[in-house]
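Below is one structure, written out as structure tokens, with a few remarks after it.
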Amino acid sequence: MLYRFVVIIGLTIHIRYVSAELPRHRTNSNTLKPAGNVLLLLADDGGFEMGAYRNRICQTPNLDALAKNSLIFNNAFTSVSSCSPSRASLLTGQPSHQNGMYGLHQGEHHFNAFDRVQSIPNILRKHNVRTGLIGKKHVGPADVFKFDFERTEEEYPINQIGRNITNIKLLVREFLATQNNSQPFFLMVSFHDPHRCGHVTPQYGSFCERWGSGEENMGLIADWHPIYYQWDEIDLPYYVPDTEPARRDVAAQYTTISRLDQGVGLVLKELTAAGHQDDTLVIYTSDNGPPLPSGRTNLYDPGMREPMFISSPIHKKRRNQVTYAMTSLLDIVPTMLDWYNVSTIATNDIDTNSINAKNQPVLTGTSLLPLLETEPPENPDAAVYASQSYHEITMNYPMRAIRTKRYKLIHNINYRAPFPIDQDFYVSPTFQDILNRTMANQPLPWYKNLKKYYNRDEWELYDLKMDVGELSNLANKQSMKQVRDDLADRLEKWLVATNDPFRCAPHGVLQDKGEFLDDPQCLPLGI
């Protein structure tokens, strides 16, 4: 079978076909490929807290309206559950182990993508597309992720640029007012909501839900109408403990989700006022899962699964419909290349080892535009892949995963260590309550316990049809050996194709230099 890869070399985008597996969805040669604009709306740690995904409490009228005008994705996943790595992957089409953004892009720790990496703003600039980024950036180096119009935390306070929806509205207006209408644009509006902020500015609340509310010493966001939620009335997701501190925590998160929603509404009004509602592809998604147990920094579904809508002015056939196709945020770059008519050249008979040996950058995503026309045939073997290495610098816990509709296989490379907890989640009301109850031997109404959460097997295999919570590890079940072996083989092929430097760990060493340059090998440790 043929598996499609896109290889970026210089200014030309090459599609290469590698013997592996069927693509998740095939590109229809008759699919419309308009040269228009793209507006990408990105939440920060956002989940499914909206009416479009059947949350009956959190009020999100603008997101719900956008969903009704879009194709709604029910099986969209991030390739990495961490902010900077996810953003870098989204903008390059390459997983974090391939693009080099292994962890958070903090100045003191210097996580950066490789200098050779091609990002979508740099590619599009070479094809006469004007690019803009408003809000949170959190990726580097600057030359790799260079937008023509940048208004980010590198110039402004992060709350002012990412949570102040009035400022965001005015900056979108500025970008559109200076746009030459004979030139297409790509604008990314990157909200900082609903990211936590309690470990940095606890006076504003765990999610900065009080910041800009008009309360004393909180400042005022002119366009924001705060919505406050009753902690005892919300619907908790299954992975959050049913305790008052956790409920209050989620209620605060809902307030910032509603601020995000109102910001989305303001941005879309600016798009309409500028006359671009009929020539712009609008994509809404999030970088990774919510900062809650099993969420962000995990490759369990709460950390990987993402909301996604795509609204096209050209493809109207499937508006307000749902697609169940397996989709990755790695598909966004190929989708944009498709939308902007960036030319491709097809070559054949390139195997995964030769790609790895030459260290050529490979895109394993596919364009999502065909899904806007028709739902592909059911394919139970369709899969998405994930690669997590770090979050903060001290969170050395590499994980690799493959997920089909029914099964997920996770490889915990540093499984002998306890799973690390990031700073802002550690001080959150939810985790502190889990920690305190555990240490005091008090009842904890949670679907897991801390011992199980910290200590993970090297391989985790879950039957998601029977075990939505990913609680029963089947990796060592003899009856599941064929499933595990098949998934592990497919995961290994992806890691080789994307040149993962961790792919031999923890039981071997990768040799890919000198005599092994053209034939990389995993050599055993002898233990």
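Whole-Hz ³J(HN,Hα) for each residue in the stretch 229-237, computed from phi via Karplus 6.51 cos²θ - 1.76 cosθ + 1.60 with θ = phi - 60°, x for glycine and proline: what do you get?
Those phi angles translate into 10, 6, 4, 8, 10, 6, 9, 6, x Hz.
Could you go through the stretch 94-100 in sequence order and give the Karplus-derived ³J(HN,Hα) for each residue, using 6.51 cos²θ - 1.76 cosθ + 1.60 with θ = phi - 60°, rounded to whole Hz, and x for Gly and Pro?
10, x, 4, 5, 8, 8, x
Which peptide among 126-133, 330-337 comes first, and what is the full order, when sorted by highest mean count of other Cβ atoms within 10 Å? Let's see the in-between values first.
Working: 126-133: 18.6, 330-337: 25.2.
Ranking the peptides 126-133, 330-337 by packing returns 330-337, 126-133.
Run the helix sum for the chain: -39,500 (n - 2.57) per DSSP H stretch of 4+ residues, divided by residue count, reported at 222 nm to the nearest 500 deg cm²/dmol.
Rounded to the nearest 500, the figure is -7000 deg cm²/dmol.
Using only Cα atoms, what is the ratio of the radius of gyration of the stretch 104-170 to 2.2 N^0.38 Å? Before the final figure, lay out the partial values.
Details: Rg = 12.9 Å, N = 67, 2.2 N^0.38 = 10.9 Å.
With N residues counted in the stretch 104-170, Rg over 2.2 N^0.38 Å equals 1.19.
In the chain, what % of DSSP beta bridges are antiparallel (nearest 5)?
Percentage antiparallel, nearest 5: 55.
Roughly what % antiparallel, to the nearest 5, for the DSSP beta bridges in the stretch 125-220? Intermediate results must be reported in sequence, preceding the final value.
Details: 1 of 11 bridges.
Approximately 10 percent, going by the DSSP bridge assignments.
What accessible area per residue comes out for the chain, rounded to a whole number of Å², with a 1.4 Å probe?
On the way: 20820 Å² over 527 residues.
Here the per-residue accessible area is 40 Å².
Looking only at Cα atoms, what is the convex hull volume of the stretch 373-527 per residue, in Å³?
So the per-residue Cα hull volume is 202 Å³.
Please state, as a whole number in µm²/s, the translational diffusion coefficient that the Stokes-Einstein equation yields for the stretch 477-517 at 20 °C and 1.002 mPa s, with Rh defined as the Kirkwood radius across alpha carbon pairs.
Roughly 182 µm²/s, to the nearest whole number.
Using a 4.7 Å Cβ cut-off, which Cys residues in the chain lack a partner cysteine?
Among the cysteines of the chain, those whose Cβ sits 4.7 Å or more from every other are 58, 83.
Excluding residue 510 itself, what net charge comes from residues whose Cβ is under 15 Å from its Cβ, given Lys and Arg +1 and Asp and Glu -1?
Overall, the nearby charge balance is -3.
For the stretch 218-355, what is one quarter of the convex hull surface built on the Cα atoms, given in nm²? List each step's numbers first, then the result.
On the way: hull surface 54.4 nm².
Over every viewing direction, the Cα hull of the stretch 218-355 projects on average to 13.6 nm².
Would you please put 181-192, 244-255 in order of how densely packed they are, using the mean number of other Cβ atoms within 10 angstrom per residue and starting with the highest?
244-255, 181-192
Between their Cα atoms, which of 481/513; 408/451; 408/452 are more than 29 Å away from each other?
481/513
Once Rh for the chain is found with the Kirkwood sum over Cα pairs, what is the Stokes-Einstein diffusion coefficient at 37 °C and 0.692 mPa s, in µm²/s?
140
Would you mind giving the average projected area, over all directions, of the Cα convex hull of the stretch 45-143 in nm² with one decimal? Numbers along the way, then the final one.
Details: hull surface 32.9 nm².
Projected area, direction-averaged: 8.2 nm².
How many percent of the accessible area of the chain is carbon or sulfur, using a 1.4 Å probe?
Taking all protein chains in place, the chain shows 50 percent carbon and sulfur surface.
Give me the one-decimal Kirkwood hydrodynamic radius in Å for the stretch 379-453, with the sum taken over alpha-carbon pairs.
14.7
May I ask you to derive the relative contact order of the chain, considering only C-alpha pairs under 8 Å and at least 6 residues apart, and to give it as an integer percent?
That works out to 22 percent.
Could you work out the percent of alpha carbon pairs in the stretch 267-346 separated by over 23 Å, rounded to a whole number?
That fraction is 38 percent.
Spelling out what I want: for every residue of the stretch 404-415, take phi, set θ = phi - 60°, compute 6.51 cos²θ - 1.76 cosθ + 1.60 (Karplus), and round to whole Hz; glycine and proline get x.
9, 5, 9, 10, 9, 10, 10, 10, 8, 5, 9, 5
So what's Rg/Rh here for the stretch 424-495, counting alpha carbon atoms and using the Kirkwood radius for Rh?
Working: Rg = 16.4 Å, Rh = 14.8 Å.
Taking Rh as the inverse mean 1/r over Cα pairs, Rg/Rh reads 1.11.
Nearest 0.05, what FRET efficiency do residue 177 and residue 203 give at R0 = 41 Å with Cβ-Cβ as r?
0.70
Express the Stokes-Einstein translational diffusion coefficient of the stretch 50-206 in µm² s⁻¹, to the nearest whole number, given a Kirkwood radius over alpha-carbon pairs, 20 °C and a viscosity of 1.002 mPa s. All intermediate terms of the calculation are to be shown ahead of the outcome.
On the way: Rh = 17.3 Å.
Roughly 124 µm²/s, to the nearest whole number.
The values are calculated or read from the model by the stated rules, or taken from the named source; none is laboratory data. Values in this document were obtained by computation on a predicted structure and should not be read as measured data. Don't worry about glycine lacking a Cβ; one is built from the backbone with ideal geometry, like all the others, and counts go over all protein chains shown. Just the protein is used for accessible areas: all its heavy atoms, side chains included, with ligands, DNA and RNA removed. Shrake-Rupley method; radii C 1.70, N 1.55, O 1.52, S 1.80 Å.
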